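Trainee: Here it is, the structure in full.
The numbers here are math on the coordinates, done by the rules we state, and not lab data. Note that the structure is predicted; figures quoted are calculated from it, not measured. When we count neighbours, we look across all protein chains shown, and the Cβ atoms used for this are built from the backbone with ideal geometry, even at glycine.
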Amino acid sequence: MLKVSSSYADDILTIIVSGWVNHQDIESQLLPAIETKLQDYACIRLWYEFSPEFEGISVGALWDDAMLSVFHLSDFSRVVMIADMEKLGAMVNALAFMLPCPVKIFPINERTEARAWLDEIE
């Protein structure tokens, strides 16, 4: 399941990931939120946070995520991923690899550092 919401800056989209993520989550929530945000900004930042309740992601959702990267090749300036690295490290690293922009993964207890990195100017 995805919960997409506004963030502390207008050009940032926050995505809270929990439970099981499937194709419908990407199609009905993530893509429309990205498209809406891109109407106002040429380039946006993403904040993905994997909750302790996260269970996994379907093959269809992984495919959608890969296609999202292709079709929005230059639309993301930076992406932060917050996750329990002990539990989700390999999966989060694989997702980060599919994104065509700087991505940094932070443990759950480093949200302040994640925000500072996301706010850095390249």
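Trainee: Over all distinct alpha-carbon pairs, what is the Kirkwood Rh of the range 2-119 in angstrom?
Mentor: Mean inverse Cα-Cα distance, inverted, gives 14.2 Å.
Trainee: Would you kindly state how much longer the chain becomes between Ser74 and Glu120 on full extension, computed as 0.36 nm times their sequence separation minus their alpha carbon distance, in nm to one decimal?
Mentor: Using 0.36 nm per residue and subtracting the Cα-Cα distance, I get 14.8 nm.
Trainee: For the range 2-119, what is the charge dipole size about the Cα centre, in debye to the nearest 20, if Lys and Arg each add +1 at the Cβ and Asp and Glu each add -1 at the Cβ?
Mentor: Details: 8 positive and 17 negative charges, 43 e Å.
Around 200 debye, computed over the range 2-119.
Trainee: Just for the range 2-119, what percent of DSSP beta bridges are antiparallel, to the closest 5?
Mentor: 20
Trainee: Given a Förster distance of 30 angstrom, what is the FRET efficiency for Lys87 paired with Tyr8, based on the Cβ-Cβ distance and rounded to 0.05?
Mentor: Approximately 0.70, to the nearest 0.05.
Trainee: Give me the lysines in straight-line cross-link reach of Lys87: C-alpha distance below 29 Å, same-chain residues under 8 apart excluded.
Mentor: Straight-line reach from Lys87, under 29 Å: Lys3, Lys104.
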